[in-house]
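To start, the structure under review is shown below, and the notes come after it.
The values are calculated or read from the model by the stated rules, or taken from the named source; none is laboratory data. Everything numeric here is computed off the predicted structure, so don't read it as measured data. Cβ: placed from backbone, ideal geometry, glycine included. Neighbour counts: every protein chain shown. Calculation scope for accessible area: heavy atoms of the full protein, side chains included, ligands and nucleic acids excluded. Shrake-Rupley method; radii C 1.70, N 1.55, O 1.52, S 1.80 Å.
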Amino acid sequence: MLLSIRNADVSYGGELILRDVNFDIREGEKLAVVGRNGCGKTTLLKLICGELSPQPRDSDDQPVIAKTGEPVIGWLSQMTFADEKATLGQELKRVFEPILELKRDMDDALAQLQRSDDHALAEKYALMEERFNYLGGYRYEKDYDMLYSRFGFLKEDEDRPLSEFSGGQRTKIAFIKLLLSRPDILLLDEPTNHLDISTIAWLEDYLAEYPRAVVVVSHDRLFLDRVAETVWEIERGKLKRYPGNYSEFVRLKKEAYDKQMKDYLAQQKERERLQALADRFIHKATKATMAKSKLKAIEHMEIIEKPEESDTKAFHGLSEPAKESGRDVLITENLAVGYDEVLCRVSLVLQKGKKLGVIGGNGLGKSTFLKTLMGQIPKKGGKYSYGYGVEVGYFEQQMAKTLSTKTVLNEFWDTYPTLTETEVRNILGGFLFSGDDVFKNVSDLSGGEKVRLALAKILQTRPNFLILDEPTNHMDIVGKEALEEMLAEYKGTVLFVSHDRYLIRRLADELLILRPGGAEYFPFGYEEFERHYGKEKLLSSDEVWKIENAKNDAAADTEAAAAPKPKKTNPGKERARAERRLARLEQLIEENDTKKAALEEEMADPANASNYSKLQELQDKLDELNGQSDAYLEEWEALEEELSKENG
């Protein structure tokens, strides 16, 4: 047991957030913390790391905090940069200072042992070596290289000062520092935010094998399924422990609720039966004793409380479109999407009632594809068309950042002015805007509330084709499950982009996988896709690309072996062609670097500081350029290696 807290209340900002907190964190345990937004999950992490102190429940019931030794607790929010002028490599390698200092002490001790047989020194050396191994001293360089590359940094980034990195990149740098520090208790608050699916899949495996305790807050249910061994749920200020992963927690919680409700109803029925007998015979002399015994039996019953309804209140919308579309809803033929350069080409036919999930690495054009379909970005080639009677409802990520001085009521009412106030309030109530909530300013809403408002406006039109870009971002688990339920019941057609694999697994019956330079249609759902490709390569667009190339190469080799007269090639011409391509790739990478620098300069312009729509557009372009550059660099490295082998 590393840390134990008993009999604690926790307040924040003068408000009681958690009541009667009791928990243990054991060595190597993987714990998940779940609950609705605002329930106190982050407050619990602050209690664990010591940022908040527990209050006594009463004068006779003081909180108790017990620790085994002095466990090191690491939390991403506490990772800071001491010197903005330091390079990325210097900042990350500061984590290893305790290891390097211990290594110097071990070397000194070993040198002394070679000159004498000091048993005390030998024991000291053994303890130092044990500590060195615990700190990861025999693998820290390997860990550094693995984490550095996994989070998408290039070798040349090591020499860049920290001040040059964007906010998202700085978060990743802090995350790498945290993982390299290998704390005894690792606290993670929404660690999958801003990571692509391939990195999330890798992080799942890394944490599952992490030898120390992990406490994670996340809305990514598949991530929790694959990492957590125990779930703590916070509901109505109380913390309750469930063994198993997230899916097991859902099952156990429902079982516990059903059993308590069954026992409660049975007891109520028995109490009513006994009370009825007592009331019937209490005034009859020959039966009075029997009646009193029934009343006594009621008094001696151990009361079973009616179980509290789970806090699952969530929004709902219309599942029936206003009218049906034709059979073919969307047709794309070699549709090229991108800003300055083509990111991918898509050919597909999406039929009525299908739910198509779009997945792939960051910067490969997922959102750009949707914006092209909506006419927000001109296509770069090919064509697309909607089928007969198609009416589109479109949700984009920017809607979660809406700025408006209007109230929720007026924002909705201005969109649908023919509705009565009662009708508007009833519709908004279905999306959890009740009472005075409708008088909140839109700009003051949380991201999740803005998503709900946007969906309420979209669904009021009752479209038959929904195009959704990351609709579950900013939502808690209950909100995500409610949206899944609504979309699962929706009778129309859905095209959606998401990093939420739980949503993809439940909803998508077809997939579109974007990868560098191309797109692949997969006619089955997520689980079949995972079985087909394997977890590690599941959603890494680069790796899917390599798999396909490997398959094509193998097929080409087989065909070449079977051919009676293989075609001869001119090695000199092939080499010249490869060298020309190398030069062109270097030019393209340099051009992209220039474009990225211009975009970053434009994003840093104070004139754009509050123009969130403009900033999002610039960020989208920057992401796409990064994706292009990664693809160019990968091709360049492959050609360079091939030419090097020829030089021998």
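Here are the numbers:
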read-out	value
Total residues in region 226-263, condition closer than 27 Å to Leu178 by Cβ, in contact (Cβ under 8 Å) with a residue 40 or more places away in the chain and part of a helix (DSSP H, G or I)	3
So Ser218, is it closer than 24 Å to Thr192 by Cβ, touching a helix residue (DSSP H, G or I) at 6+ places or on another chain (Cβ under 8 Å), at pLDDT below 95 and open to solvent by 40 Å² or more (accessible area, probe 1.4 Å)	no
Residues within region 172-194 that are touching a residue at least 40 places away in the same chain (Cβ under 8 Å) and within 15 Å of the chain's Cα centre (by Cα), tallied	5
Matching residues in region 506-531 - criterion: being aliphatic (A, V, I, L, M) and part of a helix (DSSP H, G or I)	Leu507
Count of region 312-344 residues which are modelled with pLDDT under 80 and either among the small types (Gly, Ala, Ser) or loosely packed, with under 14 Cβ neighbours inside 10 Å (or both)	5
Looking only at region 462-474, and only at residues there that are surrounded by fewer than 22 Cβ atoms within 10 Å (Cβ to Cβ) and touching a helix residue (DSSP H, G or I) at 6+ places or on another chain (Cβ under 7 Å), the one that is modelled with the highest pLDDT	Glu470
Residue in region 432-447 that is in a strand (DSSP E or B) and open to solvent by less than 70 Å² (accessible area, probe 1.4 Å) present	yes
Selection count where residues are more than 25 Å from the chain's Cα centre (by Cα) and under 22 Å from Leu409 (Cα atoms), scope region 464-484	0
Some residue of region 88-108 being of a type in the set (Lys, Arg) and open to solvent by less than 30 Å² (accessible area, probe 1.4 Å)	no
Single condition Arg506 does not satisfy, out of (1) open to solvent by 20 Å² or more (accessible area, probe 1.4 Å); (2) in contact (Cβ under 8 Å) with a residue 60 or more places away in the chain	(2)
Near pairs, Cβ below 7 angstrom, 6+ apart or cross-chain, from region 17-45 (of a type in the set (Ser, Thr, Tyr)) to any residue that is open to solvent by 20 Å² or more (accessible area, probe 1.4 Å)	Thr42/Asp189; Thr43/Tyr12; Thr43/Ile17; Thr43/Leu52
Matching option when the condition is among the aromatic types (Phe, Trp, Tyr) and within 28 Å of the chain's Cα centre (by Cα), among Phe96, Phe153	Phe153
Pick from region 134-168, criterion touching a residue at least 12 places away in the same chain (Cβ under 8 Å) and of a type in the set (S, T, N, Q), ranking: least open to solvent (accessible area, probe 1.4 Å)	Ser166
Every residue from region 1-47 that is open to solvent by 10 Å² or more (accessible area, probe 1.4 Å) and β-branched (Val, Ile, Thr)	Ile17, Thr42, Thr43
In region 357-410, residue nearest to Gly429 (Cα to Cα) [restricted to those that are open to solvent by 50 Å² or more (accessible area, probe 1.4 Å), out of contact with any helix residue (DSSP H, G or I) (no Cβ under 7 Å at 6 or more places or on another chain) and in a loop (DSSP other than H, G, I, E, B)]	Glu391
Ser446 vs. criteria under 28 Å from the mean Cα position of the chain (by Cα) and not basic (Lys, Arg)	yes
Qualifying residue in region 480-491 (condition: surrounded by 19 or more Cβ atoms within 10 Å (Cβ to Cβ), outside any helix (DSSP H, G or I) and in contact (Cβ under 8 Å) with a residue 24 or more places away in the chain)	yes
Meets criteria (in contact with a helix residue (DSSP H, G or I) (Cβ under 9 Å, 6 or more places away or on another chain) and under 18 Å from Val215 (Cβ atoms)) for Gly74	yes
Contacts under 7 angstrom Cβ, first residue in region 413-428 being part of a loop (DSSP other than H, G, I, E, B), partner not hydrophobic (A, V, I, L, M, F, W, C), 6 or more apart	Tyr416/Gln460
Count of region 395-423 residues which are more than 33 Å from the chain's Cα centre (by Cα) and β-branched (Val, Ile, Thr)	3
Condition met for Glu229 (open to solvent by 10 Å² or more (accessible area, probe 1.4 Å) and either in contact with a helix residue (DSSP H, G or I) (Cβ under 6 Å, 6 or more places away or on another chain) or closer than 17 Å to Ile477 by Cα (or both))	no
Tally, over region 1-14, of residues that are part of a strand (DSSP E or B) and closer than 23 Å to Gly448 by Cβ	1
Sole exception among (1) of a type in the set (Lys, Arg); (2) farther than 24 Å from Ser77 by Cβ; (3) buried (at least 19 other Cβ atoms within 10 Å of the Cβ) for Lys172, by number	(2)
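To keep it simple, each residue is scored yes or no on (1) open to solvent by 90 Å² or more (accessible area, probe 1.4 Å); (2) of a type in the set (Ser, Thr, Tyr); (3) at pLDDT below 75.
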{"site": "Glu548", "(1), (2), (3)": "no, no, yes"}
{"site": "Ala563", "(1), (2), (3)": "no, no, yes"}
{"site": "Arg575", "(1), (2), (3)": "no, no, yes"}
{"site": "Arg581", "(1), (2), (3)": "no, no, no"}
{"site": "Glu601", "(1), (2), (3)": "yes, no, no"}
{"site": "Ala604", "(1), (2), (3)": "no, no, no"}
{"site": "Tyr612", "(1), (2), (3)": "yes, yes, yes"}
{"site": "Lys621", "(1), (2), (3)": "no, no, no"}
{"site": "Glu641", "(1), (2), (3)": "yes, no, yes"}
